[in-house]
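First comes the structure, then the notes that go with it.
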Amino acid sequence: MQPKLGVVGWLRFLWRQLTSMRTALFLLLLLAIAAVPGSLVPQRSSDPNGVTQYFADNPDLAPVLDNIQAFDVYSSAWFSAIYLLLFVSLIGCVIPRTKHHFIALRATPPATPARLARLAGFTTRTAPAGTDAGAAIASARTLLKSSGYRVALYDKAGSVSVSAERGYLRETGNLVFHFALVGILVVVGFGGGYGFAGQRVLVEGQTFVNTLLAYDSFNPGRFFDDSTLDPYTLTLDDFAVQYEAENLNAIGQPVDFTAGVTVTPRGEDPEPGEVKVNGPLRTGGTDIFLLGNGYAPSITVTSPDGSDVFSDSVPFLPQDANLTSLGVVKVPDGLAEQVGMIGFFYPTQETATSGAFFSSYPDLIYPMLTLNVYTGDLGLDEGVPTSVYSLNIDDMTQLTGGKTGVETIELRPGQTLDLPNDLGTVTFNNADPTAAADDLSNSVPRFASFDIHHDPTQLWVLSFAVLILAGLLTGLFVPRRRVWVKAVPQSDGTLSLEYAGLARGEDPALEAAVAAVADRHLASLPSTPLPKSGAAAAGADAVKPAVPAVSTPEQT
Amino acid sequence: MNLNDLSIMSLYSAMAVYALAFIAFAIDLAKRSAAVDAAAVQTADTHGQGAASVAASASSSAGGSGASTLTMNRLSARINNDATTPYSHSASLRVGMSLTVLAWALHLFATVTRGIVADRVPWANMYEFAMTGTLLIVAVYLVVLIRVDLRFLGTFVTGLVLVLLGVAAVSFYVEVAPLPPALQSAWLVIHVFVASLGTGFFALGFALSFVQLLQFRRESLLADTRPVRLRFLATLPSAATLENLAYRVNIIGFILWTFTLMAGSVWAEQAWGRYWGWDTKEVWTFIIWVIYAGYIHARATRGWRGSRSAWLSLIGFAAVLFNFGIVNVFFKGLHAYSGL
């Protein structure tokens with residue numbers, strides 16, 4: 001008849017299964033496999049545009065993949081289930097081991113085995129004539145203790161011996177490693193909710209105040225309280241770029257981007273600062289990163305009656321390495337109709353044989369702005385948020401470029417041209433009108449896009465990472481081993497010294513270590529002992545207290 | 001000839017010498033097989049027994065090695081004892097080793113001059129990663145050789161390095177270009193170098209695990225007194241010894257890989273504003289870390305020690321190569337390199 005397990009029995013059985021090494025290994029390998037799809041399919045977290053593109057390219061497959069959270073693999077239910085089970089298994093394994101280890105840390109090295117010859121690295125030495133057994137073992141005890149072993153003396157069946165163990169740090173490191181992994185998971189899982197990440201584009205000369213409304217986009221953690229934002233101001237004074245101009249193999253490759261900024265903490269004096277690609281600026285509890293840059297042509301639209309209805313530096317998004325850039329101008333009010341313009345900006349414009357324009361160098365050598373004009377409904381009046389970087393032309397009529405037969409508006413810095421249908425004029429302002437006519441290097445303002453982050457857990461993650469590395473190093477490289485030295489008096493009156501070791505875990509150097517202990521021990525014994533008659537009595541008296549039948553542990 | 005041409009010339013020369021070394025090592029493997037045959041004939045003559053006695057002596061020596069009085073502390077001695085058929089010297093082995101050292105010197109010269117021409121560390125694009133990475137694979141091999149006799153892996157090491165260098169020189173070559181702002185960081189020096197060094201250890205671990213699997217198969221066949229191919233395996237350490245060696249090499253690689261992952265996170269925080277973002281390269285670095293973590297745990301899991309854990313070592317290194325060769329080139333992500 002089968003014994004019934006009952007609920008508790010089943011739970012116990014499941015828990016034992018979950019915390020077994022075999023299950024842990026299975027979950028580890030499953031985790032590795034589960035992480036793969038996230039590298040094959042674009043992820044919303046790291047590549048949102050890629051996901052949009054994937055939906056456009058694979059309209060049938062994408063929704064199916066989306067149903068199984070393939071675009072959010074690392075926050076998906078199935079990926080989370082695997083790593084949470086793995087960590088439960090880990091904790092279930094590590095806690096009993098910690099208990100064991102605490103006991104082992106206070107335990108005495110076990111009694112010397114009766115037959116050392118069966119153990120690893122067994123070797124014997126003959127003590128110098130006249131060496132007393134107790135004295136020899138006392139000397140071995142001192143030697144082992146000074147080598148970092150915990151020692152205990154045993155006197156059994158006529159032979160005295162020392163039992164020694166070292167390398168408790170191995171298990172300590174092992175446990176520290178696993179607990180630090182749990183620490184990272186907890187800190188990332190819960191602590192991450194207290195930070196935020198925001199983006200802001202600044203054109204040269206613009207200032208940003210660190211408040212919620214000033215961000216172009218803002219992603220707070222679950223528990224983030226935006227009243228904790230420190231309202232410092234950040235001004236982009238200038239954005240310096242340097243492109244390779246001499247190395248023919250790398251013409252136009254960026255060499256340096258530096259955002260010169262001024263930071264004014266609340267109630268304090270302004271301080272100059274610098275943000276570079278690998279050099280964030282850390283201020284006001286936030287870290288400011290330079291993630292992108294481009295041109296922001298200054299454009300003015302004037303109505304037929306001569307009043308400026310639009311005048312701004314408009315960030316154009318770079319489309320290629322030579323900074324061919326795409327931007328949108330929206331003029332909702334002041335003209336006869338709502339006007340939208342889709343513009344291309346070429347910092348160094350050239351014409352392909354097909355007649356199409358392109359940019360041949362990312363710096364401002366021969367800048368050109370082209371605009372296609374649309375009229376109609378900009379879609380701004382419904383209160384639906386729209387992107388400043390795109391124009392919805394569904395309800396608009398194209399007036400220039402394309403199939404309209406009207407030439408696209410082409411402007412050099414400082415030029416003004418008429419808009420079609422007598423709508424008014426558009427000017428591409430030269431930001432540096434005083435420069436020589438052929439020097440256009442400062443004619444167009446630049447913008448920098450900053451990522452501003454606050455993550456209170458970073459230091460914790462780093463600390464746990466350091467613990468992981470330290471735990472690994474000690475857990476894998478500190479050898480845990482036992483060594484025994486036994487003095488066995490021989491029938492011919494000599495004293496035979498036996499040495500042996502036992503590896504507890506990986507220990508490739510055990511045999512060498514036992515041999516080294518034997519050699520060093522023999523060298524420590526006096527080679528010309530006192531005359532035997534006197535030494536025996538004196539030695540016995542001197543050593544006796546040091547050789548108790550059961551010794552107390554000695555921590556080293 | 002300018003310094004850049006000299007670097008390229010030197011790299012091609014190194015490849016030629018590696019090729020010669022590969023041939024010499026291959027001849028050595030053939031000679032090992034011949035030596036095993038000769039030993040078998042001798043055994044048959046003196047004892048009238050065949051391969052079964054070789055198997056018996058293999059198992060007895062493996063079981064009894066712990067009990068013998070050991071004063072030697074060099075691993076190499078132990079490993080030579082561990083082989084069924086003792087074999088230490090052959091002219092082709094010595095030639096192979098000398099050629100490897102010579103090729104490595106040329107390889108080192110090519111890498112250093114590339115760094116001088118570029119005026120920075122020579123590991124900032126695919127061509128340079130391949131050059132430095134393979135240099136470190138051979139360097140790790142040569143350094144480990146000082147302690148352990150792994151000359152039987154010569155064909156693997158020179159062959160692997162030759163293939164990787166060939167691909168790099170043909171497909172990945174780029175002219176020297178200035179570092180883009182994203183790579184202008186001290187972490188480029190540390191993170192990429194440690195990753196390449198870790199790869200060197202994983203490569204060696206892969207080779208040892210591979211031979212371990214061959215050896216295990218041979219030992220199983222011998223135990224069933226069935227015929228064995230790849231007779232040179234008799235001159236190589238036992239599967240158990242190979243497994244221990246592979247483990248030791250792989251845990252060093254694992255620690256270096258852990259450091260790579262952490263250094264990469266610190267750098268990612270500085271450059272991209274977050275220490276971890278599941279970028280494709282981060283994903284694969286993580287996958288590799290988990291595979292090797294699995295490998296280490298497999299050693300302590302009942303039923304997984306031996307051949308199963310060896311398979312994990314092979315899969316791990318395959319993932320390393322995939323991470324370098326496929327993810328860098330074909331996957332979209334932040335670890336994209338201009339012009340490779």
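The values are calculated or read from the model by the stated rules, or taken from the named source; none is laboratory data. Bear in mind the structure is a predicted one, so any value in this text is a computation, not a measurement. Neighbour counts run over all protein chains shown; Cβ positions are idealised from the backbone, glycine included. The area values use the complete protein model at the heavy-atom level, side chains included, leaving out ligands, DNA and RNA. Shrake-Rupley method; radii C 1.70, N 1.55, O 1.52, S 1.80 Å.
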**Message:** Checking residue B:322 against (1) modelled with pLDDT under 95; (2) open to solvent by 10 Å² or more (accessible area, probe 1.4 Å); (3) in contact with a Ser or Thr (Cβ under 7 Å, 6 or more places away or on another chain): exactly one of these is not met. Which one?
**Reply:** (3)
**Item:** the stretch A:49-87: number of residues that are of a type outside the set (Phe, Trp, Tyr), within 28 Å of residue B:290 (Cβ to Cβ), open to solvent by 70 Å² or more (accessible area, probe 1.4 Å) and under 23 Å from the mean Cα position of the chain (by Cα)
**Value:** 3
**Request:** For the stretch A:281-297, indicate whether the set of residues that are within 10 Å of chain B (Cβ to nearest Cβ), without any contact (Cβ under 8 Å) to a residue 40 or more places away in the chain and either out of contact with any helix residue (DSSP H, G or I) (no Cβ under 8 Å at 6 or more places or on another chain) or part of a loop (DSSP other than H, G, I, E, B) (or both) is non-empty.
**Result:** no
**Message:** Exactly one condition in (1) within 17 Å of residue A:426 (Cα to Cα); (2) in contact with a Pro (Cβ under 7 Å, 6 or more places away or on another chain); (3) not hydroxyl-bearing (Ser, Thr, Tyr) is false for residue A:347; which is it?
**Reply:** (1)
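Using the structure shown, decide if residue A:354 is buried (at least 20 other Cβ atoms within 10 Å of the Cβ) and more than 14 Å from residue A:327 (Cα to Cα).
Considered against the rule, which asks whether it is buried (at least 20 other Cβ atoms within 10 Å of the Cβ) and more than 14 Å from residue A:327 (Cα to Cα), residue A:354 comes out as no.
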**Request:** Pick out the one residue from A:193, A:198 that is modelled with pLDDT under 95, in contact with a Lys or Arg (Cβ under 9 Å, 6 or more places away or on another chain), open to solvent by less than 10 Å² (accessible area, probe 1.4 Å) and more than 30 Å from residue B:125 (Cα to Cα).
**Result:** A:193
**Complete:** Out of (1) surrounded by 18 or more Cβ atoms within 10 Å (Cβ to Cβ); (2) within 14 Å of another protein chain (Cβ to nearest Cβ), the one residue A:167 does not meet is (2)
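Here is a yes/no grid of residues against (1) closer than 30 Å to residue A:299 by Cα; (2) more than 13 Å from chain B (Cβ to nearest Cβ); (3) crowded, with 18+ Cβ neighbours inside 10 Å; (4) in contact (Cβ under 8 Å) with a residue 40 or more places away in the chain:
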| residue | (1), (2), (3), (4) |
| --- | --- |
| A:408 | yes, yes, no, no |
| A:438 | yes, yes, no, no |
| A:444 | yes, yes, yes, yes |
| A:485 | no, yes, yes, yes |
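Sort out for me the strands (runs of 3 or more DSSP E) sitting completely within the stretch A:395-475 that have 1 or more residues that are under 30 Å from residue A:171 (Cβ atoms) and over 20 Å from the mean Cα position of the chain (by Cα).
By residue number, no strands (runs of 3 or more DSSP E) qualify.
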**Message:** Restricting to the stretch A:3-22, and then to whatever is in contact (Cβ under 8 Å) with a residue 40 or more places away in the chain, part of a helix (DSSP H, G or I) and more than 10 Å from every other protein chain (Cβ to nearest Cβ), can you tell me which residue is surrounded by the fewest Cβ atoms within 10 Å (Cβ to Cβ)?
**Reply:** A:15
**Request:** Being under 23 Å from residue A:181 (Cβ atoms), at the interface with chain B (Cβ under 9 Å from one of its Cβ atoms) and either touching a residue at least 60 places away in the same chain (Cβ under 8 Å) or surrounded by 18 or more Cβ atoms within 10 Å (Cβ to Cβ) (or both) is the filter here, so list the residues in the stretch A:27-42 that pass it.
**Result:** A:28, A:29, A:31, A:32, A:35, A:38, A:39
**Request:** Quickly run through the stretch B:175-198 and pick out the residues that are more than 7 Å from every other protein chain (Cβ to nearest Cβ), open to solvent by less than 30 Å² (accessible area, probe 1.4 Å) and of a type outside the set (A, V, I, L, M, F, W, C).
**Result:** B:196, B:198
**For residue A:117: the one exception among (1) over 40 Å from the mean Cα position of the chain (by Cα); (2) more than 14 Å from chain B (Cβ to nearest Cβ); (3) in a helix (DSSP H, G or I)** = (2)
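Conditions tested, residue by residue: (1) part of a loop (DSSP other than H, G, I, E, B); (2) open to solvent by 40 Å² or more (accessible area, probe 1.4 Å); (3) more than 25 Å from residue A:454 (Cα to Cα); (4) within 14 Å of chain B (Cβ to nearest Cβ).
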residue: A:230; (1), (2), (3), (4): yes, yes, no, no
residue: A:237; (1), (2), (3), (4): no, yes, no, no
residue: A:241; (1), (2), (3), (4): no, no, yes, yes
residue: A:249; (1), (2), (3), (4): no, yes, yes, yes
residue: A:252; (1), (2), (3), (4): yes, no, yes, yes
residue: A:262; (1), (2), (3), (4): no, no, no, no
**Asked** Which number in (1) crowded, with 18+ Cβ neighbours inside 10 Å; (2) in contact with a strand residue (DSSP E or B) (Cβ under 9 Å, 6 or more places away or on another chain) marks the one condition that residue A:187 misses?
**Response** (2)
**Message:** If the requirement is being in a helix (DSSP H, G or I), more than 10 Å from every other protein chain (Cβ to nearest Cβ), of a type outside the set (Gly, Ala, Ser) and closer than 19 Å to residue B:281 by Cα, which of these qualifies: A:51, A:73?
**Reply:** A:51
**Request:** Scan the stretch B:281-305 for residues that are open to solvent by less than 20 Å² (accessible area, probe 1.4 Å) and either facing another protein chain (nearest Cβ under 7 Å) or modelled with pLDDT under 90 (or both) and report the count.
**Result:** 9
